[in-house]
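Visitor: Take a look at the following structure, please.
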Amino acid sequence: MRTKFFAICILLCVSFAAAGESNSHDLASMERKLNHIESNGRSSHPDETPTVFTEPEVNAYLASDNVRLPAGVQSVKLEGEAGVISGRSRVDFDRIREGSHSSNPLLSIFSGVHDVVVVAHAHGAGGRGQVHVDLVSIDNMEVPRFVLQLFVEKFLQPKYPELGLDSQFKLPDRIDTATVGPHELTVTQK
């Protein structure tokens, strides 16, 4: 189930997002909290006490060997504010596009290695997660939404059908709510 939980984090950044150094204390804390979420999710009457994941814990986990990032995404660093997640990464678009070609000149911006920032509104309620990608910038240049939609449809959705600029999905491990706050993510289970 860890993979599903962090697939959500990856989804929040549309599989993009810059490297955070792994802190062993934060990593160990994150692993304990993930173990709790998993075991609590298997309980017939889960403990509804909120579990709070801090930004350093999430970033330590994403920087660890516990998460296999998609090909082309060199590293991920997430930052949370009230209802908003920002992701930063260095992305090799040629690796992402491997095996797919397009003659559309609008998609030519998605080549080479670039710094990418994704900003998305995200929350979970009633066991369902929702993500709306607000903007994506490549090397500090905002990508027009219609061009981004073309990229997602042509290169990402064939590999990750659940990804989109507006996504809804079932939360794993009986997670009922997920609330992004300043530098933290709070989840409750039912």
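Visitor: Got at least one residue in the stretch 102-113 being touching a Phe, Trp or Tyr at 6+ places or on another chain (Cβ under 7 Å), within 30 Å of PRO46 (Cα to Cα) and of a type in the set (Gly, Ala, Ser)?
Guide: Going through the stretch 102-113, the residues touching a Phe, Trp or Tyr at 6+ places or on another chain (Cβ under 7 Å) turn out to be 107, 110-112.
Next, only the ones that are within 30 Å of PRO46 (Cα to Cα) stay: none.
Checked the stretch 102-113: no residue is touching a Phe, Trp or Tyr at 6+ places or on another chain (Cβ under 7 Å), within 30 Å of PRO46 (Cα to Cα) and of a type in the set (Gly, Ala, Ser).
Visitor: Turning to a different aspect of this structure: Looking only at residues in the stretch 29-46 that are farther than 15 Å from LEU185 by Cα and hydroxyl-bearing (Ser, Thr, Tyr), which one is most open to solvent (accessible area, probe 1.4 Å)?
Guide: SER44
Visitor: State all residues of the stretch 60-98 that are polar (S, T, N, Q), closer than 12 Å to VAL118 by Cα and open to solvent by 30 Å² or more (accessible area, probe 1.4 Å); if no residue qualifies, say none.
Guide: Restricting attention to the stretch 60-98, the residues satisfying the condition of being polar (S, T, N, Q) are 64, 66, 74-75, 86, 89.
Right, trim to closer than 12 Å to VAL118 by Cα and you get 86, 89.
The one that is polar (S, T, N, Q), closer than 12 Å to VAL118 by Cα and open to solvent by 30 Å² or more (accessible area, probe 1.4 Å): SER86.
Visitor: Another one. Give the residues of the stretch 123-148 that are open to solvent by less than 10 Å² (accessible area, probe 1.4 Å) and part of a strand (DSSP E or B), sorted by residue number.
Guide: Passing the criteria: GLY124, GLY129, VAL131, VAL133, VAL136.
Visitor: Could you list, in sequence order, the residues of the stretch 107-122 that are among the small types (Gly, Ala, Ser) and touching a Lys or Arg at 6+ places or on another chain (Cβ under 8 Å)? If you could, list the steps in order and put the result at the bottom.
Guide: First, the residues of the stretch 107-122 that are among the small types (Gly, Ala, Ser): 108, 111-112, 120, 122.
Within the stretch 107-122, SER111 is the sole residue that qualifies.
Visitor: Oh, and also: Filtering the stretch 47-59 down to residues that are polar (S, T, N, Q) and under 25 Å from GLY127 (Cβ atoms), which residue is surrounded by the fewest Cβ atoms within 10 Å (Cβ to Cβ)?
Guide: Taking the stretch 47-59 first, the residues polar (S, T, N, Q) are 49, 51, 54, 59.
With under 25 Å from GLY127 (Cβ atoms) added as a condition, the list becomes 49, 51, 54.
Numbers: THR49: 9, THR51: 16, THR54: 16.
Looking at residues that are polar (S, T, N, Q) and under 25 Å from GLY127 (Cβ atoms), I get THR49.
Visitor: Take the residues of the stretch 157-190 that are under 30 Å from ASP92 (Cα atoms) and in contact with a Pro (Cβ under 9 Å, 6 or more places away or on another chain): which is modelled with the highest pLDDT?
Guide: HIS183
The values are calculated or read from the model by the stated rules, or taken from the named source; none is laboratory data. Here the structure is a predicted model, which means the values were calculated and not measured. Glycine also receives a Cβ, built like all others from the backbone with ideal geometry; neighbour counts cover every protein chain displayed. Only protein heavy atoms, including side chains, enter the accessible area calculation; ligands, DNA and RNA are left aside. Shrake-Rupley method; radii C 1.70, N 1.55, O 1.52, S 1.80 Å.
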